[in-house]
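The values are calculated or read from the model by the stated rules, or taken from the named source; none is laboratory data. Everything numeric here is computed off the predicted structure, so don't read it as measured data. Every residue, glycine as well, gets a Cβ built from its backbone with ideal geometry; the counts of neighbours run over all protein chains shown. For the accessible areas, the whole protein counts, side chains as well, though only heavy atoms, and no ligand, DNA or RNA atoms are used. Shrake-Rupley method; radii C 1.70, N 1.55, O 1.52, S 1.80 Å.
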Amino acid sequence: MAGKGFKTWVVPRRPVPDDREFPYVVDDVEWASRHGYGSDILARRAEVRGSDPNRQYFAGLTPAERQRALDALHGERTGKRVSVRPPNGMTVSRVAGGCAADAQKELYGDLETWFRVLTVTDALETLRSSMTTGDAEFAGLVKDWSACMRVRGLPYKTPQEARAEFLNPDHRRSRKDEIRVAVIEARCAASSGLSRTAHRLDAQHDKRLRDEYADEVRTRLRLENEALPRARAAVRPS
């Protein structure tokens, strides 16, 4: 980017401590007692985005400069594209030029292969989650979890319903209520068996998908391992 007349800064991928994902149910009582459903973490993420030097730099460019910078980073929209169809059946494509693509070519050697295995293996996470939540055993335990919550005066049918109420930006509840409900959710996740079963089903579906897409999984791991020495050399102080 510097060679094309633009600036960029390296920023952490996960800059907020304690940032965690709970795809099925909040099941960590200690975490819930500190963060509730994570509204504080969402607020911190927004602060980090606002102070991101790359965002600030791009925002300070004129519209014409910004477009040139985007073309330099991601390649011109009319350029050659590489495409792949992940397990969800939707074709995903990207421009094969630009600094981001050039860096990936240098790191992984073959942009088309890297883009294919990255797209396919990343898609497995969403597919695995949908397989887990669609499992009849999981659905039955969500009902048990809901009954546990209802006994405590919390009439939520699913963990997603409870989370949505406390993370709705247009209808904020108090932090005290958020933490209280999230802690109860985590305890009900344990007592109902939902947490244990969700982790077990998740692991089962993960293995099934990794076996089904073993070539892509192995190739991604190989390319990442081979890229490590190049990556270390790239960031090593001169």
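Quick look at the numbers
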{"item": "Residue in the stretch 64-78 that is under 20 Å from the mean Cα position of the chain (by Cα), of a type outside the set (Val, Ile, Thr) and not in a helix (DSSP H, G or I) present", "result": "no"}
{"item": "Leading residue by the ranking (farthest from Ile179 (Cα to Cα)) among those in the stretch 35-52 that are in contact (Cβ under 8 Å) with a residue 24 or more places away in the chain and in a helix (DSSP H, G or I)", "result": "Val48"}
{"item": "Residue, most open to solvent (accessible area, probe 1.4 Å), within the stretch 139-183, restricted to residues that are more than 21 Å from Arg20 (Cβ to Cβ) and among the acidic types (Asp, Glu)", "result": "Asp170"}
{"item": "Qualifying residues in the stretch 85-115 (those that are in contact (Cβ under 8 Å) with a residue 24 or more places away in the chain and β-branched (Val, Ile, Thr)) - the one farthest from Arg218 (Cα to Cα)", "result": "Val92"}
{"item": "Sole residue being modelled with pLDDT under 95 and crowded, with 17+ Cβ neighbours inside 10 Å, chosen from Gly75, Gly50", "result": "Gly75"}
{"item": "Criterion (closer than 21 Å to Arg45 by Cα and either at pLDDT 95 or above or among the polar types (S, T, N, Q) (or both)) met by exactly one of Ser146, Ser174", "result": "Ser174"}
{"item": "Subset of the stretch 53-63 [open to solvent by less than 60 Å² (accessible area, probe 1.4 Å), part of a helix (DSSP H, G or I) and farther than 16 Å from Ala103 by Cβ]", "result": "Pro53, Tyr57, Phe58"}
{"item": "Tabulated pairs, the stretch 64-84, first hydroxyl-bearing (Ser, Thr, Tyr), second assigned to a strand (DSSP E or B) and open to solvent by 30 Å² or more (accessible area, probe 1.4 Å), C-beta under 6 angstrom, 6+ apart or interchain", "result": "Ser83/Ser93"}
{"item": "Elements of type helices (runs of 4 or more DSSP H) in the stretch 162-238, at least 2 residues being among the β-branched types (Val, Ile, Thr)", "result": "175-191, 214-235"}
